[in-house]
Amino acid sequence: MSNGDQFRELIEAYALGALDADERAAFEAHLATGCEDCAKALQEARWLVSQLGYLAPEAKPSELLKGKLMQTVRGEADTAAGRVSAKPKAAIRFWMWAGVAALLAVTVYSAWDARRLQKDIEETNKRAAAIVQQRAALQAELALAKRQARIMTDPKSKKFMLPAKDAQMPQLEAMWHPELGICVVGDKMPMPSANHVFQLWLIPKTPGSKPMPMQTFWPDSDGRMVHVVENPPEPMWNTSARAITEEPMGGSPLPTSEPMWVGGVS
Amino acid sequence: MFLAILTPKDPVDVSLDATLARRLLQKDVEAFEQLYERHSRIVYALALRILQQGSTAEEVVQDVFLQVWRNARHYDEQRGPFIPWLMTLARNRALDRLRLKSERQRRQESQTEELPTVVEAPQYEKDLDEKRRAERVRALMASLHPQQKKAIELAFFEGLSHSEIAESLKEPLGTVKSWIRNGLLRLKEGLQATS
């Protein structure tokens, strides 16, 4: 008989709790040695003993007990849930800070974006103003072209020529409308000297009167020139001649050079 | 064998207990209520049989289920089924009450705050439902000699030791030891034979 066999007879009684103190102590000391056979047998014996509970006559506890128990359990579950929700408080704080940071970032971005938009608007306004200005210029140019066309075609206009003093230079042609003004047209004209422009002069009929300065102008790169004097200071009948001189940039109140083109009304 | 026909196997119940017990770890009140509905009767019946008093038995039921609720982590489903663990817990609590009631502190081994060990069911018992087990145990115990059955019941329901049983039954100590051991072995054989 091995040491383990000696205790085999005690296993069921031990599981049942029926061993007297001395036998129980001896068996527990044996278990403490690590006897696997006895430990395994004890497991089965414990299960077997637990089955004896089915010998109890059937009975049912009161509903009151269940109510009381469930109340306790629910209370403890709520408390546990409260403890669990305590952690999210820290998380909420974290998210609050995260929210503040996000809000700050959005604010900064919004300010930057607003400034960018403002710049865009300013640029757009500038471009719009330039377009308006360009359009106004085009409209003015169109109006001038229409005026030129009317001056050149209207039967009321009087034509006069402006022959060049220098035979190498082209002759200019002009039309004077009593209401629309004077239109001077030229082709293959030379460019004025550096820092100089051409200037038109009206020579009054009144003896001793000084030449009246008109606008300055210059031909385009192809030598073409169309110049309109919208409101001549003197009526056509009160002028004896028209002349064009080369003047410093900005024009002169009186001619500073000899006329390059001179002509009377035809 | 006829009991096996009357009560079909229901292995699902075993895993359901394990599932419900696992849910207790999450403080799942609904899982607790289901466990209570499933097993409060057997716990109460056992406590009442030991204590012979309804109000004290209900206190034990309350104590046992609160232990389950609060210490669900002590139940390891890998080591064995829930019911034997619960019944052992109920018996220990009821016997503690009984000893306290009778001021009989004959054992230093107090299990007042100690939870029972989870034990694995034998292979032949793993898939049996509670009702079938109860009927089989009762039938097998009824087949024992009345004194043999009485000795086992005194140990199980009243927590008496071999000596106390011998004294109670006016029988020799050796006889009582044999009755109890042989009776339990016969119960075991009977359970194996009827599986």
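Data for the structure
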read-out	value
Residue B:37 being within 20 Å of residue A:56 (Cα to Cα), surrounded by 15 or more Cβ atoms within 10 Å (Cβ to Cβ), more than 8 Å from every other protein chain (Cβ to nearest Cβ) and modelled with pLDDT of 90 or more	no
Filter result for the condition that a residue is at the interface with chain A (Cβ under 8 Å from one of its Cβ atoms) and either under 25 Å from residue A:71 (Cβ atoms) or touching a Pro at 6+ places or on another chain (Cβ under 6 Å) (or both), over B:82, B:65	B:65
Selected residue [surrounded by 18 or more Cβ atoms within 10 Å (Cβ to Cβ), modelled with pLDDT under 95 and over 16 Å from the mean Cα position of the chain (by Cα)] from B:18, B:72, B:4, B:57	B:72
Boolean, residue A:233 is at pLDDT 85 or above and in contact with a strand residue (DSSP E or B) (Cβ under 7 Å, 6 or more places away or on another chain)	no
Subset of the range B:93-130 (residues that are surrounded by 15 or more Cβ atoms within 10 Å (Cβ to Cβ), more than 9 Å from chain A (Cβ to nearest Cβ) and at pLDDT 65 or above)	B:93, B:94, B:96, B:97, B:98, B:99, B:129
Those residues of the range A:1-25 which are closer than 18 Å to residue B:177 by Cα and among the small types (Gly, Ala, Ser), in sequence order	A:13, A:15, A:17, A:18, A:21, A:25
Sole exception among (1) surrounded by 10 or more Cβ atoms within 10 Å (Cβ to Cβ); (2) out of contact with any Gly (no Cβ under 7 Å at 6 or more places or on another chain) for residue A:195, by number	(1)
Conditions (1) modelled with pLDDT of 90 or more; (2) aromatic (Phe, Trp, Tyr); (3) farther than 23 Å from residue A:170 by Cβ; number of the one not met by residue A:198	(3)
Criterion: among the charged types (D, E, K, R), at pLDDT 90 or above, in a helix (DSSP H, G or I) and farther than 22 Å from residue B:54 by Cα - qualifying residue of B:167, B:171	B:167
Yes/no for residue A:78 being in contact with a Ser or Thr (Cβ under 9 Å, 6 or more places away or on another chain) and either surrounded by 13 or more Cβ atoms within 10 Å (Cβ to Cβ) or more than 7 Å from every other protein chain (Cβ to nearest Cβ) (or both)	no
The range B:134-157: number of residues that are among the basic types (Lys, Arg), in contact (Cβ under 8 Å) with a residue 12 or more places away in the chain and facing chain A (nearest Cβ under 10 Å)	2
Checking residue B:160 against (1) at the interface with another protein chain (Cβ under 9 Å from one of its Cβ atoms); (2) part of a helix (DSSP H, G or I), the condition it does not meet	(2)
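Yes/no matrix, rows are residues, columns are (1) assigned to a loop (DSSP other than H, G, I, E, B); (2) at pLDDT below 90; (3) farther than 16 Å from residue B:184 by Cβ:
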| site | (1), (2), (3) |
| --- | --- |
| A:27 | no, no, no |
| A:47 | no, yes, no |
| A:61 | yes, no, yes |
| A:70 | no, no, yes |
| A:74 | no, no, yes |
| A:82 | no, yes, yes |
| A:85 | no, yes, yes |
| A:88 | no, yes, yes |
| A:91 | no, yes, yes |
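The values are calculated or read from the model by the stated rules, or taken from the named source; none is laboratory data. Note that the structure is predicted; figures quoted are calculated from it, not measured. Please note: Cβ atoms are built from the backbone with ideal geometry, for glycine as well, and neighbour counts cover all protein chains shown.
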